[in-house]
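The values are calculated or read from the model by the stated rules, or taken from the named source; none is laboratory data. Just so it is clear, the structure is predicted and the values come from calculations on it, not from any experiment. Neighbour counts are summed over all protein chains in view; Cβ atoms, including those assigned to glycine, are modelled from backbone coordinates with ideal geometry. Heavy atoms of the whole protein, side chains included, go into the accessibility calculation; ligands, DNA and RNA do not. Shrake-Rupley method; radii C 1.70, N 1.55, O 1.52, S 1.80 Å.
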Amino acid sequence: MSTLVNFKIDGVDCLAEAGIYLVEAAAENGIYIPTLCNIQGVKPRGACRICTVMVNGRPMTACTTPVTMGMEIQNDTPEINDIRKAIIEVLFVEGNHFCPSCEKSGCCELQALAYRFRVMVPRFPFLFPRREVDASNPKIIKDHNRCILCKRCIRAIKTEDGKNIFAYKKRGIELEIIIDPELGGKITDELAQKSVDICPVGALLPREKAYQVPIGRRKYDIEPIGIEDEKK
Amino acid sequence: MSKKIVATTSLAGCFGCHMSLLDIDEKILDLIELVEFNKSPIDDIKVFTKQCDIGLIEGGCCNSENIHVLKDFRKHCNILVSVGECAIMGGLPALRNGIPIKECLDEAYLNGPSVRHNHKGIIPNDDELPMLLDRVYPCHEIVKIDYYLPGCPPRAELIWNALVALVTGDELKLPYEVVKFD
């Protein structure tokens, strides 16, 4: 039998199963901790730092930190939200995020976070790096301009025998996602769809399926990201 | 109270943001009660005739003329607002950023698939033409910008709410649905 633990988020008493990650524990208590690289059911990586919270006065990533008895967590404070906003702004200036011409617009998690945190303009200068679009795969178009290197596709997409289809190539500022030419060429329709769905931005796109949902009815047109957690 | 004076311009933009301003529909009658337009494509006044309270900038800076106009707006407007994605981050014209200017010009005038009649291989370079910049610049990287209204175009309601807030001094209403990047 699992043990329940008491903890506090922004002074609110919460209750959750011991050992589950803070992001999930918060959601169970109707509190949204924003995430970007995290995906439910896959080992967390703590890469994007959007989910940073203060745990007993120290900054921790809520997607990788298990909840323990008596934790005092700060989540929705002006200081933490400004750090999160800065991270979102960095991601926007570091790549080429042309929302008006992106098929993922309206369903993009990076954009949705920018909406939620009211990013009107990034505080950092735009880099406008030169990046390529790779359309060599028969089912997935890969646009490096929009990739935020969250590693979701690498972590979540595996063949039936557990092999990686996606991987990192190069290092530092040149780091990019590659698709294994052999395994990627044979990727099933289901797995290709899953890769596209799991990509938080418009870096992985399906062929011949763009703009299927009209403006006004897309995922984040009316309601902000995280509202599902807050409605619990 | 005398009317606030508004100036508007489209730099490297498509006039979509101006169209969105007109999308306030019948509220445009309230708008002309609220403000007076000076230099703007809306009334076709070409040069500033007085100091303005609010300047609305559509589009980023892709050539020397854009820079000139933007600096002129900064000089003549007490408050400058970047309206739309192009003014804020360069927008679609900035798709060329990262590609060397020579490559862009060669593609447009020499090698592009739609180039037909340029047998002499001329790239326009007349003194009368504004010089292209090395890349497209967001307005706030050229002059100080006071406020930003994102969207492509910004929703009419957002432009309206912002103008009313600036004129009346009331707090800006920002419902979730009006702040969008597309």
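Results, tabulated for the structure shown:
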quantity: Sequence-distant lysines (8 or more away, or on other chains) whose Cα lies within less than 22 Å of A:LYS8; calculated: A:LYS231, A:LYS232
quantity: For region B:104-182, size of Cβ-based charge dipole, Lys and Arg +1, Asp and Glu -1, in debye; calculated: 200
quantity: About the Cα centre, charge dipole magnitude for chain B (Lys/Arg +1, Asp/Glu -1 at Cβ), debye; calculated: 420
quantity: Note, ³J(HN,Hα) from phi for region B:111-123, Karplus 6.51, -1.76, 1.60, rounded to Hz, x at Gly and Pro; calculated: 9, x, x, 9, 6, 10, 10, 9, 5, 7, x, 8, 9
quantity: Surface/4 estimate of mean projected area, convex hull on alpha-carbon atoms of the protein assembly as shown, nm²; calculated: 25.7
quantity: J(HN,Hα) series, region B:9-25, from Karplus relation 6.51 cos²θ - 1.76 cosθ + 1.60, nearest Hz, glycine and proline x; calculated: 8, 10, 8, 7, x, 10, 6, x, 5, 5, 4, 5, 4, 5, 5, 6, 6
quantity: Accessible-area composition of chain B, carbon plus sulfur, in percent [1.4 Å probe]; calculated: 56
quantity: Per principal axis, descending, Cα span of region A:1-97 in whole Å; calculated: 49, 29, 21
quantity: Relative contact order for chain B, counting Cα pairs under 8 Å that sit 6 or more residues apart, in percent; calculated: 25
quantity: Average silhouette area of region A:177-220, convex hull of alpha-carbon atoms, in square nanometres; calculated: 3.8
quantity: Helix B:64-76 axis, angle to chain B major axis (alpha carbon atoms, nearest 10°); calculated: 20
quantity: DSSP beta bridge pairing in chain B, given as percent antiparallel to the nearest 5; calculated: 20
quantity: Computed [θ] at 222 nm, helices only, for chain A once each DSSP H run of length n ≥ 4 contributes -39500 (n - 2.57); calculated: -6500 deg cm²/dmol
quantity: Counting DSSP beta bridges with both ends in the protein assembly as shown, the antiparallel % (nearest 5); calculated: 60
quantity: Residues with amide H under 5 Å from that of B:ILE5, placed H, sequence gap 5 or more; calculated: B:GLU36, B:ASP53, B:ILE54
quantity: Helical segments meeting 20 Å axial Cα length and Kyte-Doolittle -0.5 threshold in chain A (DSSP H); calculated: A:78-94
quantity: Cα centroid of region B:69-108 to Cα centroid of region A:1-21, whole Å; calculated: 50
quantity: Solvent-accessible area buried by B and A, counting both chains, probe 1.4 angstrom, square angstrom; calculated: 2400
quantity: Residues with amide H under 5 Å from that of B:CYS77, placed H, sequence gap 5 or more; calculated: B:CYS52
quantity: Hits among lysines - C-alpha to C-alpha of B:LYS102 under 22 Å, sequence gap 8 or more where chains match; calculated: B:LYS120
quantity: Listed residues A:GLU17, B:GLU128 arranged by accessible area, highest first, probe 1.4 Å; calculated: B:GLU128, A:GLU17
quantity: Accessible area in square angstrom per residue, the protein assembly as shown, 1.4 angstrom probe; calculated: 51
quantity: Cα centre as origin, Lys/Arg/Asp/Glu Cβ charges: the protein assembly as shown dipole, Debye; calculated: 1080
quantity: Rounded D (µm²/s) - region A:82-166, Kirkwood Rh over Cα pairs, Stokes-Einstein at 25 °C, 0.890 mPa s; calculated: 169
quantity: A:TYR211, B:TYR109, B:TYR147, ranked by accessible area, largest first (probe 1.4 Å); calculated: A:TYR211, B:TYR147, B:TYR109
quantity: Percent of Cα-Cα distances greater than 24 Å, calculated over chain B; calculated: 41
quantity: Table column - 3J(HN,Hα) (Hz), region B:101-110, Karplus curve with 6.51, -1.76, 1.60, x for Gly and Pro; calculated: 4, 5, 4, 4, 5, 4, 5, 6, 10, 10
quantity: Of all accessible heavy-atom area on region A:21-94, the percent that carbon and sulfur account for (1.4 Å); calculated: 52
quantity: All lysines inside 25 Å of A:LYS186 as judged from Cα atoms, apart from same-chain residues fewer than 8 positions distant; calculated: A:LYS104, A:LYS139, A:LYS142, A:LYS151, A:LYS158, A:LYS163, A:LYS169, A:LYS170, A:LYS194, A:LYS209
quantity: A:ILE198, A:ILE215, B:ILE99, B:ILE57, ranked by accessible area, largest first (probe 1.4 Å); calculated: A:ILE215, B:ILE99, A:ILE198, B:ILE57
quantity: Base-10 log of normalised Debye intensity for region B:65-132 (one unit scatterer per alpha-carbon) at q = 0.12, 0.17, 0.24, 0.26 Å⁻¹; calculated: -0.50, -0.84, -1.14, -1.20
